[in-house]
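Just below is one structure, and these are the notes that go with it.
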Amino acid sequence: MIKNIFLFVIAVSLFTSCETKDKRYTQQSPEIDTVKQLISNYNNKNYDISMYADTSKTSYNMYQKSLTPEETIAYHKANDHIYASRGFIEKDQEYEMVVTDDGKTWVNFWSDWKGTLAGNNQEIFIPIHLTYQFIDGKIVRESGYWNASQVMLAQEKIEKDAADMSDIEDTSETDAN
């Protein structure tokens, strides 16, 4: 009898300890697959807002101003012209999904980004962190963080060099007359 009670207690203990709990951290999920598709779309300039909720808000390197899904795509398209090529480097990309204490689902993405400027073929490498909040399988918030100073300084140099060339051409034409 005592042996049966002892075995019953052990069986109940094993059963309750093996009870599955919701994952709060993972590196494989449908939400991560969505972000992987979004990154692939970005790299291929395949702009698709179907992954975003209609009310989604995106902010890059700022908190005060956010973009709608349509404005986010327009932002990327507007920047594409300064690059001969650009995209996330596939090597060492990291993805994680976290469910916070208050039940919010976030996917974090870390990668290095490489761009080649169209104006002078200068290559720029930037580490980037993107984070996405999901509700019901849709992105409701996207935030991105990176240091854009390399791009800004290189663009300023391209513009200055173009202005200097223009001044030289104007001087040459004046001297010829």
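The values are calculated or read from the model by the stated rules, or taken from the named source; none is laboratory data. If you're wondering where the values come from, they're calculated on a predicted model, not measured in any experiment. All Cβ positions, even for glycine, are placed from backbone atoms using ideal geometry, and neighbour counts span all protein chains on display. Remember, those area values only see protein heavy atoms, side chains included, never the ligands or the DNA or RNA. Shrake-Rupley method; radii C 1.70, N 1.55, O 1.52, S 1.80 Å.
Annotations for the structure displayed:
- Neighbour cut-off at most 14 other Cβ (10 Å), DSSP loop, trypsin sites (Lys or Arg not before Pro), the range 46-111: LYS65, LYS91, LYS104
- Surface calculation, 1.4 Å probe, protein heavy atoms: TYR83 sits at approximately 30 Å² accessible.
- Most to least accessible of ARG141, ARG24 (protein chains only, probe 1.4 Å): ARG24, ARG141
- Among the listed pairs LYS57/LYS104; LYS114/LYS160; LYS57/LYS138; LYS57/LYS91; LYS91/LYS138; LYS104/LYS138, a Cα-Cα separation exceeding 19 Å is found for LYS114/LYS160; LYS57/LYS91; LYS91/LYS138.
- With every protein chain in place, the range 80-143: carbon and sulfur % of accessible area (1.4 Å): 49
- Largest to smallest accessible area among ILE126, ILE49 [probe 1.4 Å]: ILE49, ILE126
- Mean separation of Cα contacts under 8 Å (6+ apart) over length of the range 37-82, as relative contact order %: 28
- Accessible-area rank, largest first, for LEU117, LEU67, LEU153: LEU153, LEU67, LEU117, with all protein chains present and a 1.4 angstrom probe.
- Surface accessible to a 1.4 Å probe, per residue, for the residues of the range 23-116, Å²: 59
- Placing dummy labels 7 Å off each Cα toward the beta-carbon, the span from GLN93 to LYS77 is 2.3 nm.
- For LYS57, nonlocal amide neighbours, meaning residues 5 or more places apart or on other chains whose placed amide H falls under 5 Å from its own, are ARG141, GLU142.
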